[in-house]
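The values are calculated or read from the model by the stated rules, or taken from the named source; none is laboratory data. Bear in mind that the values here come from a model prediction, so they are computed numbers and not experimental data. Cβ placement follows ideal geometry from the backbone for every residue including glycine, while neighbour counts extend to all protein chains displayed.
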Amino acid sequence: MREEHIGGLRTRITGGTDGKGGGHGPLIILLHGFGAPGDDLVPLADVLTVPVGTRFVFPEGPLSLSFGPSDARAWWLIDMARIAADQAAGRVRDRSQDIPKGLAPARETMLAFLKEVEHTFGADPGKTVLGGFSQGAMLSCDVMLRTAQSYAGLVQLSGTLLAAQEWAPLLQKRKGLPVFQCHGTRDEILPYAGAEKLRDTLIHAGLSVEWHSFRGGHEIPRSVLQRMGPFITKAVTHT
């Protein structure tokens, strides 16, 4: 693995022909969740069954959090007190109409990042999969709807529907896009119902969703990773 700054973001790069992103293989870009360290998803590169030479890129969120571990990062700030209150009261909050204050700046940062990645790695968007976990999943979905590039696929690990009124008209141009989505039925951070709403919204718009639910919480179980590898392989080798 190696590190470098791309588009202003500290980025971990692994895989490829040399373990450091070398070569011209497919590209997988994964965004970590809120409060996680920048290298949180890096281990996935070693357990996913993907084509030989596949390169992995893990950008680090630009925001450093003032609570939790010293290396906790985020793409935008969220109201933790509100989430805790909802959990304590047993409320399942519908986030589908929420447009987080920090979403637009995070989007612009990521769009610039993707342009630089394409240039730096000589990446073919048609062999590039974009995705993430939790907050990273939400951002990757939002960005996928804003870019004009034709990416190979989108990965939504424990994400949810946001900004529905903004996303709805943008989804039409992504008809047919392969999407891998998973969610735990016992997720207390992002309720299962929100993931189902995202799934149904994507399917209704004509995207090709591969859906996996699992008995668990806000996590990425091995059973999901075993299915994610074949999804990526099919997406980046499809002609």
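Just to be sure, is Thr49 surrounded by fewer than 22 Cβ atoms within 10 Å (Cβ to Cβ) and among the polar types (S, T, N, Q)?
Yes; evaluated as a whole, the condition is true for this residue.
Return the residues of region 105-129 that are assigned to a helix (DSSP H, G or I), of a type in the set (A, V, I, L, M, F, W, C) and more than 17 Å from the chain's Cα centre (by Cα); say none if nothing qualifies.
Phe121, the sole residue that qualifies.
Does Ile83 satisfy the criteria of being at pLDDT below 95, assigned to a loop (DSSP other than H, G, I, E, B) and surrounded by 14 or more Cβ atoms within 10 Å (Cβ to Cβ)? Steps first, please.
On the way: at pLDDT below 95: yes; assigned to a loop (DSSP other than H, G, I, E, B): no; surrounded by 14 or more Cβ atoms within 10 Å (Cβ to Cβ): yes.
Answer is no for this residue.
Could you give me the residue pairs with C-beta distances under 7 Å whose first residue belongs to region 116-136 and is of a type in the set (Asp, Glu), whose second residue is surrounded by 15 or more Cβ atoms within 10 Å (Cβ to Cβ) and part of a loop (DSSP other than H, G, I, E, B) wherever it lies, and which are 6+ apart or on separate chains?
Glu116/Gly7
Any idea which of Ile203, Ile189 is modelled with pLDDT under 95 and among the β-branched types (Val, Ile, Thr)? So that I can check it myself, show each step before the final result.
Working: Ile203 fails: modelled with pLDDT under 95.
On inspection, the qualifying residue turns out to be Ile189.
Restrict the check to region 218-238 and report whether at least one residue is over 21 Å from Leu30 (Cα atoms), touching a Ser or Thr at 6+ places or on another chain (Cβ under 7 Å) and either surrounded by fewer than 21 Cβ atoms within 10 Å (Cβ to Cβ) or not basic (Lys, Arg) (or both).
Within region 218-238 (the criterion being over 21 Å from Leu30 (Cα atoms), touching a Ser or Thr at 6+ places or on another chain (Cβ under 7 Å) and either surrounded by fewer than 21 Cβ atoms within 10 Å (Cβ to Cβ) or not basic (Lys, Arg) (or both)), the answer is no, since none of the residues qualifies.
Residue check: is Asp71 of a type outside the set (A, V, I, L, M, F, W, C), over 26 Å from Leu198 (Cα atoms) and either in contact with a Ser or Thr (Cβ under 6 Å, 6 or more places away or on another chain) or not in a loop (DSSP other than H, G, I, E, B) (or both)?
The answer is no for Asp71.
Within region 23-49, how many residues are under 21 Å from Lys115 (Cα atoms) and acidic (Asp, Glu)?
The total comes to 0.
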